[in-house]
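For reference, the structure discussed in these notes is given below.
Derivation of every value follows stated rules applied to the coordinates shown; laboratory data play no part. None of the values given here were measured: they were computed from a predicted structure. Positions of Cβ are backbone-derived with ideal geometry, glycine not excepted, and every protein chain shown enters the neighbour counts.
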Amino acid sequence: MKIKKILAILILSFFLPTGYFFIWMHQMLVTGLNPFLWIIFVLISLILITPFVIYVFGKFRSFFKNEINFTPDLLFAIGLFNILIFGVLSGSILSNSTLNLQIRDTYFVIAYSQVVISICISFVIFSATYYLFPKIFKREMNKPIGYVHFFITLIGVFLIMPIMHYEGLAGMPRRYLDYNGWASFNQFTDLNKFITKAVVIVCTAQLFFIFNFLWKKN
């Protein structure tokens, strides 16, 4: 059974990068592409998302089969799965060609892209670093600092991304420097200010990680 799972993961690992090139071609939907071709992109999205969702939920379930020691590395791994679930749910919305036409050039796409690319990769790096650091450098990283780093980062992510998804669904366009001339979007000014403050806090929290990585116990 384990061999079958490993083979399935290898096959998905090979085809997923290729498939995601087709998913990114969703941007072609706003260029007047033949609607018949939309079906191809929708099917590819669903084919890739469905087994990935099953895999993510299966792995998340395996956490609770054994006794859990909530160290910083495991917390970042659990946070990763939560963010992946969030990203897959928003990705399934983008796989709908009708909805995609409406939200392609909005904050929704920016939020989705940052969730599945930047944030997920960052959590993988953090989890791997906290786990492998003692094995490589023969010394432990400070756990309390690791906990502070994790909770500020995770809470900050979920303060930023859901708001950006909401703004995207409300039609907030991307690629605009100044929204003051858009009376319909002035209502989002306070939300954008809140997002900016949250981003600054999350970025500042990464100093805990840098300090923890470089700090040596006497």
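Worth pointing out:
- 10 Å binning of all Cα-Cα separations within region 91-201, expressed as whole percents from 0 upward: 12, 36, 27, 15, 8, 1
- Arranged from fewest to most other beta-carbon atoms within 10 Å of their beta carbon, Phe36, Phe211, Phe108 become Phe36, Phe211, Phe108.
- Residues Ile117, Ile78, sorted so that the one with the fewest Cβ neighbours within 10 Å comes first: Ile117, Ile78
- Placing +1 on the Cβ of every Lys and Arg and -1 on the Cβ of every Asp and Glu, with nothing else charged, gives region 74-218 a dipole about its Cα centre of roughly 700 debye.
- Sorted fewest first by neighbouring Cβ atoms within 10 angstrom, Phe137, Phe209 come out as Phe137, Phe209.
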